[in-house]
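Student: Shown below is the structure under consideration.
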Amino acid sequence: RRLQRWEAWLALNTATVLWGAQHAVNKHMLVFTSPSALTAARFVLAATAVLPWLPLSRARNSWLDGVKLGLWSTLGFAFQMVGLQYTSASRSSFLLYLNVKLVPLLELMVHGHMPSLQTWAAAAVALLGALLL
């Protein structure tokens, strides 16, 4: 079934609030636990939640790619939690979301491919919006 407009709006805004609150919640949780324990708990909970939908017949390469992606994601989150011990939740979120605006620059530096003018404009507008926060 297709979502009603208000259901889609509610789902989008709920996801936005949860995503935006994660830095403050994680900062608060670090008072009670270590970055490694918080990272482990988060990823064990996530893995358990998706376990029923895990495809059993995927090719071996798909599994290896998934494991690699999971390890990089875990490492990134762990570093974020360590950094959160030494800065505010708002500064942490600003720095984390700033990386999205740097993707065109990284594409140019790493791959030698010049992003389109539209991509640069979108990154500039996004950066301006982040700076206004």
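Student: Along each of its three principal axes, how wide is the spread of alpha-carbon positions in the stretch 32-108, in whole angstrom units, largest first?
Tutor: That works out to 43, 42, 15 Å along the principal axes.
Student: Next question, about the same structure. If R₀ is 22 angstrom, what is the calculated FRET efficiency for the pair TRP53 and ALA122, using the beta carbon separation as r and rounding to 0.05?
Tutor: Values: r = 33 Å, r/R0 = 1.49.
So, using R0 = 22 Å, E works out to roughly 0.10.
Student: Over 10 Å intervals from 0, what percent of Cα-Cα pairs in the chain sits in each interval?
Tutor: Bins of 10 Å from zero give 10, 26, 33, 29, 3 percent of pairs.
Student: How about the stretch 1-38: which trypsin sites (Lys or Arg not before Pro) there are in a DSSP loop, with at most 14 other Cβ atoms within 10 Å of their Cβ?
Tutor: Here the trypsin sites (Lys or Arg not before Pro) that fit, given the DSSP loop and packing criteria, are ARG1, ARG2.
Student: Counting pairs of alpha carbon atoms under 8 Å apart in space and at least six apart in sequence, what relative contact order in percent does the chain give? Don't skip to the answer; put the middle values down first.
Tutor: Working: 46 pairs, mean separation 34.4, N = 133.
It comes to 26 percent, rounded to a whole number.
Student: If you don't mind, another one. Could you identify which residue out of VAL82, VAL25, VAL44 has the top mean-square fluctuation in a GNM of the chain using Cα springs shorter than 10 Å?
Tutor: Between VAL82, VAL25, VAL44, it is VAL44 that shows the largest mean-square fluctuation.
Student: Only Cα pairs within less than 10 Å get springs; with that Gaussian network setup on the chain, which residue of THR33, THR16, THR74 has the largest fluctuation?
Tutor: Looking only at THR33, THR16, THR74, the biggest GNM fluctuation is shown by THR16.
Student: Determine the calculated [θ] at 222 nm for the chain from helices alone, applying -39500 (n - 2.57) to every DSSP H run no shorter than 4 residues and normalising by the residue count; nearest 500 deg cm²/dmol. Write down the numbers at each step before the final one.
Tutor: Values: 6 runs with 99 residues, N = 133.
Mean residue ellipticity at 222 nm (helix-derived): -25000 deg cm²/dmol.
Student: What FRET efficiency would be calculated for the residue pair VAL103, ALA24, taking the C-beta separation as r and a Förster radius of 35 Å, to the nearest 0.05? Provide the component values of the computation, followed by the final result.
Tutor: On the way: r = 25 Å, r/R0 = 0.73.
Rounded to the nearest 0.05, the efficiency is 0.85.
Student: Per 10 Å bin, what is the whole-percent P(r) computed from every C-alpha pair distance within the stretch 1-68?
Tutor: 15, 28, 32, 24, 1
A short reminder: the numbers here are calculations on the coordinates, not readings from a lab. Small disclaimer: the values here were computed from a predicted structure and weren't measured. Methodologically, a virtual Cβ is constructed for each residue, glycine included, from the backbone with ideal geometry; neighbour enumeration extends over all protein chains shown.
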